[in-house]
1. Filter the cross-link list Lys12/Lys152; Lys178/Lys278; Lys24/Lys178; Lys12/Lys178; Lys19/Lys82; Lys19/Lys197 down to pairs whose alpha-carbon distance in this structure exceeds 27 Å.
2. Given +1 on the Cβ of Lys and Arg, -1 on the Cβ of Asp and Glu, and no further charges, what dipole in debye does the chain carry about its Cα centre, rounded to the nearest 20?
3. Mean-square fluctuation check for the chain, GNM, Cα pairs under 10 Å: which of Lys152, Lys197, Lys19 is largest?
4. What does the charge add up to near Glu173, with Lys and Arg as +1, Asp and Glu as -1, over the other residues with Cβ less than 14 Å from its Cβ?
5. Would you tally the net charge around Gly105, using a Cβ to Cβ cut-off of less than 13 Å, leaving Gly105 out, and scoring K and R as +1, D and E as -1?
6. Can you work out ³J(HN,Hα) from phi for every residue in the stretch 152-167, in order, using Karplus 6.51 cos²θ - 1.76 cosθ + 1.60 and θ = phi - 60°, giving whole Hz and x for Gly and Pro?
7. Positive end of the dipole of the stretch 1-88, charges at C-beta (+1 Lys, Arg; -1 Asp, Glu), about the Cα centre: which of Leu65, Tyr8, Pro39 has its Cα farthest in that direction?
8. Of all GluC sites (Glu not before Pro) in the stretch 211-249, which ones are in loop regions per DSSP and have a Cβ with at most 14 other Cβ atoms within 10 Å?
Amino acid sequence: MNEWRLPYTVGKIGTPPLKSQGIKTKLVPFIAQSINWAPGSSGRWIEPFVGTGCVALNVAPPRALLADINPHVIGVLRDIQKDVLTPQSVRSSLFEMGSELARRGEEYYYEVRTRFNETGEPIDFLFLNRASFNGIIRFSRKSGFNTPFGHKPERFSTQFLSKVSNQVAWARERMMGKDWVFAVQDWRDTIASAGPKDFIYLDPPYIGRSADYFSQWSDAEATSLAHATRESPAGYALSMWLENEHRRNDHIEESWGQTVIRTATHFYHVGASESQRKPMIEALALRPGYETSDLGTFITGRSLQKRMDDAIEPLFA
Ligand SMILES: C[S@@+](CC[C@H](N)C(=O)[O-])C[C@H]1O[C@@H](n2cnc3c(N)ncnc32)[C@H](O)[C@@H]1O
């Protein structure tokens, strides 16, 4: 059997069951192609800010330490790993909850939200995440999860239930037979455990004020993260936005010292029309020696297969 290693070309990107605003789905092919790392027989893929698990699930390394300070995102991933949340159980629970939502409307959403804030049940979190406004994960210190309802009461159609249970099946299949450890902990503990054979992938919250209690992130915190990571003996890659049409992010140059930068152009929509399609340059800052050769700026947004079929939009520009 061929040894697992990076880089590799991701054909079809998988989507995890949880959604979040900072999810890296579109950047997965860029990340997987920009890192040069072979774990050998013991190296671990380490994510101190694993969130929905999107990157780890797509990259699917043999050994991993996947951590986050938010116990609820880890709760869902762990329960899938332990077969507590299965494609069948998720489908039938969401069917019942979805039927109740269709009958009672948003009142039911808020009832589940109150229950979740008392019990922390992973299935309730998954329901709320998929029924909430834009799948935003937002907690407050006092009242817990507080994202409002954001869809029609008929959200949980047969088709949608299949989609979510397939996402659970996909996540389960990606974890199966792998040595993955999930942990609820601060990034400092995660980075402190990294050894020379490990590779750390970092996707911290944006610097600035965040509405989410679990994603408070300051300049000082970002600077200590850079310091601790550079001190670590492991390889690393940091995902961070670099430039949009209004400004450039100086944090990488200021705090990360000697890194190799690879870039991807990512388009996001601020409205419905094409003229409201805005470019954002995303960077991957890598420890020197862990980069693949520079092929230019990666363009996200179309599947690899489609780009190859059409040969219109190049992978790199
Ligand atoms: C940008 S998101 C990561 C998204 C992830 N890469 C994905 O694709 O879903 C940042 C994550 O950092 C977590 N976080 C914030 N502060 C943290 C801390 N001090 N230690 C560990 N995790 C933290 C948040 O809970 C959030 O899940």
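1. Flagged as over cut-off: Lys12/Lys152; Lys178/Lys278; Lys19/Lys197.
2. Working: 37 positive and 36 negative charges, 117 e Å.
Dipole magnitude for the chain comes out near 560 debye.
3. Of the options given, Lys152 has the highest mean-square fluctuation.
4. Working: positive: Lys12, Arg172, Arg174, Lys178; negative: Asp83.
After counting each charged neighbour, the total is +3.
5. On the way: positive: Arg103, Arg104, Lys152, Arg155; negative: Glu100, Glu106, Glu107, Glu111, Glu154.
The answer is -1.
6. 6, x, 8, 3, 8, 6, 4, 5, 5, 4, 5, 4, 5, 5, 5, 5
7. Result: Tyr8, furthest along the dipole toward the positive end.
8. Glu245
The values are calculated or read from the model by the stated rules, or taken from the named source; none is laboratory data. Since this is a predicted model, take the numbers as computed values, not measurements. Backbone-built Cβ (ideal geometry, glycine too); neighbour counts: all protein chains shown. Note: accessible area is taken over every heavy atom of the protein model, side chains too, but ligands, DNA and RNA are not part of it. Shrake-Rupley method; radii C 1.70, N 1.55, O 1.52, S 1.80 Å.
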